[in-house]
Amino acid sequence: MENLLQVGVISSTHGVRGEVKVFPTTDDVKRFKKLKEVLLDTGKEHILLQIETVKFFKQFAILKFKDYDSINEIEKYKGKSLFVTRENAVKLKKDEYFIADLIGMHVINEDGTFTGTLKDVIETGANDVYVVLCEDGREVLIPAIKDCILSVSIDENIMKVHLLDGLLE
């Protein structure tokens, strides 16, 4: 399991006082209000940044980090990802999982005739859809609903599914 979970990507600077516009990669952009710190992945290292202020604009979070007071100090981090440690991640409810924990999971159906690897998660309005890469190279889209997802074991890295009629065609 990943120890760091991505919560956003710095898309651009905002103003000249060191604020950045962050595209959230978390379900709830308002969660930035509760965060005190994030880890910035520069590509070479992780820098711990203390969050000083949080505002919201459209779908973005506008963050100001402590000790970064001008556009020149923060501009070099455009396009870089922000992470939180698992300890600072949101608490999950029953039958909720972090996408990072699902990617790469072995997927089997209840009778063992179908196997594949969870390659991606498509987030839609109603429910997520799991993109499973079959052993024969095909992709199967499985809705993340109780009728289809029978069990998930993060520890064993296995997801047991029920394939509705027509999903393999």
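Brief remarks follow.
- Table column - 3J(HN,Hα) (Hz), the stretch 104-114, Karplus curve with 6.51, -1.76, 1.60, x for Gly and Pro: x, 5, 6, 10, 9, 8, 5, 9, x, 7, 10
- Each of the peptides 119-127, 142-150 was scored by the mean count of other Cβ atoms within 10 Å over its residues; in descending order, highest first, they stand as 142-150, 119-127.
- Calculated volume of the Cα convex hull per residue in Å³ (choose from [x] 270; [y] 114; [z] 138), label: [z]
- Neighbour-count order for D27, D128, D136, fewest beta carbons within 10 angstrom listed first: D136, D27, D128
- Violating pairs (Cα-Cα greater than 20 angstrom) within the set K36/K93; K44/K119; K44/K76: K36/K93; K44/K119
- Distant-in-sequence amide H partners of A144 (H built 1.01 Å from N, under 5 Å): D128, V129, Y130
- Within the chain, helix-based [θ] at 222 nm, where runs of 4 or more DSSP H residues each add -39,500 (n - 2.57), nearest 500: -500 deg cm²/dmol
- Remark: M105, M159 ranked as M105, M159, counting other beta-carbon atoms within 10 Å and listing the fewest first.
- Dividing the Cα radius of gyration of the stretch 99-161 by 2.2 N^0.38 Å, with N the residue count, gives 1.01.
- Amide H contacts of A61: V22, each under 5 Å away and 5 or more positions distant or on a separate chain (H built 1.01 Å from N in the peptide plane; Pro and chain starts excluded).
- Distant-in-sequence amide H partners of L163 (H built 1.01 Å from N, under 5 Å): E110
Read the figures in this text as sums done on the coordinates, not as results from a lab. Predicted, not measured: the structure shown is a model, and the values here were computed from it. All Cβ positions, even for glycine, are placed from backbone atoms using ideal geometry, and neighbour counts span all protein chains on display.
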